[in-house]
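In what follows, a single structure is set out as structure tokens and then discussed.
The values are calculated or read from the model by the stated rules, or taken from the named source; none is laboratory data. No experiment lies behind these values; they were computed from the predicted model shown. Positions of Cβ are backbone-derived with ideal geometry, glycine not excepted, and every protein chain shown enters the neighbour counts. Side chains included, ligands, DNA and RNA excluded: accessible areas come from the protein's heavy atoms. Shrake-Rupley method; radii C 1.70, N 1.55, O 1.52, S 1.80 Å.
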Amino acid sequence: MKRAVLVIDIGSTKVCAIIAQIEDDKIDIAGYGLSWSHGIRRGIITNIDMASRSIKKAVDDAKRVSGLNVTTATISISGAYTKSSNSNGIVNIPSNDISIAEINRVMQTALYNANIPNEFEVLHALPFKFKIDEQDFIEDPFGMNASRMEVDVHIVMTQKSNLGNLKKAVHGAGIEIGRAVLSGYASALAVMSPNDKDRGVAVVDMGGQTSNLVIHNGNSIQFNDFLGIGSYHITNDLSLVLKTPFKAAEIAKVRKGDLLSNENETIELPTIGQEDKITGVALDDIRHIIFARAEETISLLKQSLENSALMGQINAGVIITGGMVNLVGIRELAQSLMPNIPVRVGKTEDIGGFSDGLSSPEFSTAIGLLRYEAGYHTQYEFDINKKMLHSKEYKPKESLRNVELPQQPVVKQGTLNSSELENNDLFLNLPEHNNSGKKGLFQNFTEWASKIF
């Protein structure tokens with residue numbers, strides 16, 4: 001039976017809402033809406049009313065296009081105020097037969113053993129290693145015979161205050177939160193293949209104001225990290241150094257931010273506070289500014305990878321995704337800084353329905369949320385509602401799905417108004433990329449948004 005779902009990616013630069021019909025594991029997009037993010041900075045809510053309006057606009061556009069009224073959503077949550085830890089659980093199996101109930105019980109035990117601060121809420125509990133009796137590295141213990149089972153679980157937590165503010169912003173848009181998913185986890189679900197998961201892979205989502213990193217190996221995520229840095233900072237650097245308005249710096253980055261180009265012409269940019277004054281700027285200077293910030297971002301992500309102590313287990317390499325990867329030459333720069341690890345740009349799988357324009361890397365998180373709803377999550381998992389998710393045909397009893405865990409004592413569719421930029425005479429002298437056959441920057445939002453990172 002088909003069911004309608006709503007997912008909302010609440011990012012620092014844009015909000016993307018998608019309504020889809022899901023039947024079994026097949027996803028059919030019915031409509032989506034986009035809006036600028038207001039009241040959200042570096043992945044956290046800074047103004048609830050403004051954030052609510054941004055969310056409502058995106059959701060209303062998605063509803064209008066799809067013709068479906070869905071009032072409960074699965075949302076993304078930034079890694080800004082999250083922390084993670086690993087925990088272990090061991091249980092005896094009196095019946096010697098491992099069912100969903102036993103897997104549920106051993107995961108509860110691992111969660112109970114975890115040191116979860118009072119001010120934090122569990123977002124995900126993801127088992128990454130099972131052991132039965134003396135057999136290690138069990139991929140899936142379901143249906144096996146054993147007298148004892150052990151599990152290692154990766155637990156992702158978020159501050160209750162951060163989650164509470166996010167809930168208020170979403171509720172203010174007339175939407176209830178069904179589930180919340182770590183944005184880096186969602187992005188990974190969108191771009192990882194089964195082979196990537198088996199061999200071990202790092203997925204880096206490089207967004208507007210934030211970058212999220214997760215390392216998936218075998219059964220599940222084993223590490224996640226967050227950096228409050230993204231392509232917004234490149235634009236800000238250009239604006240400050242060149243003394244040009246932020247919008248002009250953004251256009252210069254999008255049109256001329258090619259790290260592989262040897263072109264060295266001079267372009268004209270307006271000056272802050274003197275909009276009638278036009279200054280000539282060499283493309284070489286623009287590339288140097290972009291390169292410096294991009295190099296710093298990738299170096300910090302590389303350091304995070306090294307700090308994970310899992311570098312030796314990411315045999316499938318590093319997948320980069322998010323809006324920042326639209327910067328020409330960013331993959332090559334990442335590869336040069338990490339010469340011993342293959343680096344590639346992540347691409348989402350084709351999804352049916354009204355999905356034109358959603359295949360660009362900046363929509364990885366939104367597509368990952370849809371895949372999460374379609375059952376492509378980790379093989380076993382406790383979600384934010386303390387419900388056990390799994391992909392087995394045998395369904396647990398209702399009491400297992402709603403078990404209370406022990407407490408610790410401690411835009412219309414495809415369009416976005418860009419007239420403020422498009423109609424500004426200050427930018428008429430800014431040359432286009434000299435790429436024959438390509439459409440203009442502002443012909444439609446999908447192409448424009450795919451470059452705004």
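Being part of a helix (DSSP H, G or I), surrounded by fewer than 23 Cβ atoms within 10 Å (Cβ to Cβ) and of a type outside the set (A, V, I, L, M), is that true of even one residue in the range 334-357? Yes, there is a match, as at least one residue in the range 334-357 is part of a helix (DSSP H, G or I), surrounded by fewer than 23 Cβ atoms within 10 Å (Cβ to Cβ) and of a type outside the set (A, V, I, L, M). Scanning the range 297-319 for residues that are surrounded by 15 or more Cβ atoms within 10 Å (Cβ to Cβ) and closer than 20 Å to Pro194 by Cβ yields Leu310, Gln313, Ile314, Ala316, Gly317, Val318, Ile319.
Considering the conditions (1) surrounded by fewer than 17 Cβ atoms within 10 Å (Cβ to Cβ); (2) touching a strand residue (DSSP E or B) at 6+ places or on another chain (Cβ under 8 Å); (3) among the aromatic types (Phe, Trp, Tyr), Phe246 is excluded by exactly one of them, (2). Contact annotation: residue pairs with Cβ atoms under 7 Å, 6 or more positions apart or on different chains, pairing a residue in the range 141-164 that is basic (Lys, Arg) with a partner that is open to solvent by 30 Å² or more (accessible area, probe 1.4 Å), are Arg148/Ile90; Arg148/Asn92; Arg148/Asp133; Lys160/Glu119; Lys160/Glu121.
Among the residues of the range 149-192, the one identified as among the charged types (D, E, K, R), closer than 22 Å to Glu139 by Cα and out of contact with any Ser or Thr (no Cβ under 9 Å at 6 or more places or on another chain) is Glu150.
Quick check on my filter: what residues within the range 286-319 are among the hydrophobic types (A, V, I, L, M, F, W, C) and closer than 18 Å to Gly257 by Cα?
Ile286, Ile289, Ile290, Phe291, Ala292, Ala294, Ile298
Among the residues of the range 45-88, just one is in contact with a helix residue (DSSP H, G or I) (Cβ under 7 Å, 6 or more places away or on another chain), part of a strand (DSSP E or B) and open to solvent by 40 Å² or more (accessible area, probe 1.4 Å), namely Asn88. Which ones in the range 139-169 are among the β-branched types (Val, Ile, Thr) and in contact with a helix residue (DSSP H, G or I) (Cβ under 6 Å, 6 or more places away or on another chain)? Answer for the range 139-169, where residues must be among the β-branched types (Val, Ile, Thr) and in contact with a helix residue (DSSP H, G or I) (Cβ under 6 Å, 6 or more places away or on another chain): Val151, Val153.
Taking the range 17-44 on its own, how many of its residues are among the hydrophobic types (A, V, I, L, M, F, W, C) and open to solvent by 20 Å² or more (accessible area, probe 1.4 Å)? Final tally of qualifying residues: 3. Filtering the range 7-46 to residues that are under 15 Å from Gly323 (Cα atoms) and of a type in the set (Asp, Glu) leaves only Asp9. Residues considered: Lys83, Lys56, Lys63. Of these, the only one that is modelled with pLDDT under 95 and of a type outside the set (S, T, N, Q) is Lys83. Report yes if Lys256 is in contact with a strand residue (DSSP E or B) (Cβ under 8 Å, 6 or more places away or on another chain), open to solvent by 20 Å² or more (accessible area, probe 1.4 Å) and of a type in the set (D, E, K, R), otherwise no. Here the answer is no, as Lys256 does not meet what is asked. From the list Gly317, Gly257, the one residue that fits, being at pLDDT below 95 and not aliphatic (A, V, I, L, M), is Gly257.
Would you point out the residue of the range 194-233, among those that are acidic (Asp, Glu) and open to solvent by less than 30 Å² (accessible area, probe 1.4 Å), that is nearest to Pro245 (Cα to Cα)? Here the answer is Asp205.
For every residue, the table says whether it meets (1) within 20 Å of Ile40 (Cβ to Cβ); (2) part of a strand (DSSP E or B); (3) of a type outside the set (Asp, Glu).
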residue: Val170; (1), (2), (3): yes, no, yes
residue: Val181; (1), (2), (3): yes, yes, yes
residue: Tyr185; (1), (2), (3): yes, no, yes
residue: Leu189; (1), (2), (3): no, no, yes
residue: Lys197; (1), (2), (3): no, no, yes
residue: Val204; (1), (2), (3): no, yes, yes
residue: Gln209; (1), (2), (3): yes, no, yes
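Selection within the range 92-112: residues that are aliphatic (A, V, I, L, M) and open to solvent by 10 Å² or more (accessible area, probe 1.4 Å). The member of this set that is farthest from Asp205 (Cα to Cα) is Ala101.
Yes or no: Ile221 in contact with a His (Cβ under 9 Å, 6 or more places away or on another chain) and of a type in the set (A, V, I, L, M, F, W, C)? Yes: the conditions hold for Ile221.
Summed over the range 197-224, the residues that are acidic (Asp, Glu) and at pLDDT below 95 give a count of 1. Residue count for the range 17-28, restricted to those that are modelled with pLDDT under 95 and touching a Ser or Thr at 6+ places or on another chain (Cβ under 8 Å): 0. Please verify whether Gly322 is open to solvent by 20 Å² or more (accessible area, probe 1.4 Å) and touching a strand residue (DSSP E or B) at 6+ places or on another chain (Cβ under 8 Å), treating the condition exactly as stated. Judged against the criteria, Gly322 is not a match.
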